[in-house]
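Below: one structure, written as structure tokens.
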Amino acid sequence: MEAALKAIAEPRRQQILRLVWDAERPAGEIAIHFDVTRPAISKHLRVLKQAGFVTERRVGTQRLYRAEPERLAELGRFLESFWDESLLRIKEAAETGAKGKGS
């Protein structure tokens, strides 16, 4: 999960994921949305691909990218587990506190 968290921590990568969420897009089209070089965008795409957040498909000389929603859902479930555990601890602490006051 560490690689996944690092991959989406970078704001440009988050923007790239939004661009390819609903539609497969070529790398060149993705790059025009940013004020950095195409090699920089290629590097971001490579990081997202290695983390499993995007898939790459080649058509001739083009590389087409699309988001991998299941991988993002997996990360969401992982992060929610921390929230669920925290809520459980808060509930237990509240119940323990309530029992202590009632005694």
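Worth a mention:
- Since only Val59, Leu48, Trp21 are under comparison, the one whose Cα sits farthest along the positive direction of the charge dipole of the chain, derived from C-beta charges on Lys, Arg, Asp and Glu, is Val59.
- The charge dipole of region 3-103, taken about the Cα centre with unit charges on the Cβ atoms of Lys, Arg (+1) and Asp, Glu (-1), comes to about 340 debye, rounded to the nearest 20.
- Summed over the residues of the chain and divided among them, the accessible surface reaches 69 Å² per residue at a probe radius of 1.4 Å.
- Cα-Cα separations in the chain greater than 19 Å, expressed as whole percent: 52 percent
- In this structure, Leu72 and Phe34 have a Cβ-Cβ separation that, at R0 = 22 Å, corresponds to a calculated FRET efficiency of about 0.60.
- The lysine pair tally for the chain, using Cα distances under 19 Å and a gap of 8 or more places or different chains, is 4.
- With all protein chains modelled, accessible area of His33 [1.4 Å, Å²]: 100 Å²
- Using C-alpha pairs below 8 Å separated by at least 6 residues, the relative contact order for the chain is 26 percent.
- Rounded to the nearest 10 Å², the accessible area of Phe34 at probe 1.4 Å: 30 Å²
- Ellipticity estimate at 222 nm from DSSP helix runs (n ≥ 4, -39,500 (n - 2.57)) divided over the chain, nearest 500: -21500 deg cm²/dmol
- Cα gyration tensor shape for region 5-45, rounded if a/c is under 1.5, else prolate or oblate: oblate
- Lys43 - accessible surface, heavy atoms, 1.4 Å probe, Å² rounded to 10: 120 Å²
The values are calculated or read from the model by the stated rules, or taken from the named source; none is laboratory data. Values in this document were obtained by computation on a predicted structure and should not be read as measured data. Neighbour counts are summed over all protein chains in view; Cβ atoms, including those assigned to glycine, are modelled from backbone coordinates with ideal geometry. Note: accessible area is taken over every heavy atom of the protein model, side chains too, but ligands, DNA and RNA are not part of it. Shrake-Rupley method; radii C 1.70, N 1.55, O 1.52, S 1.80 Å.
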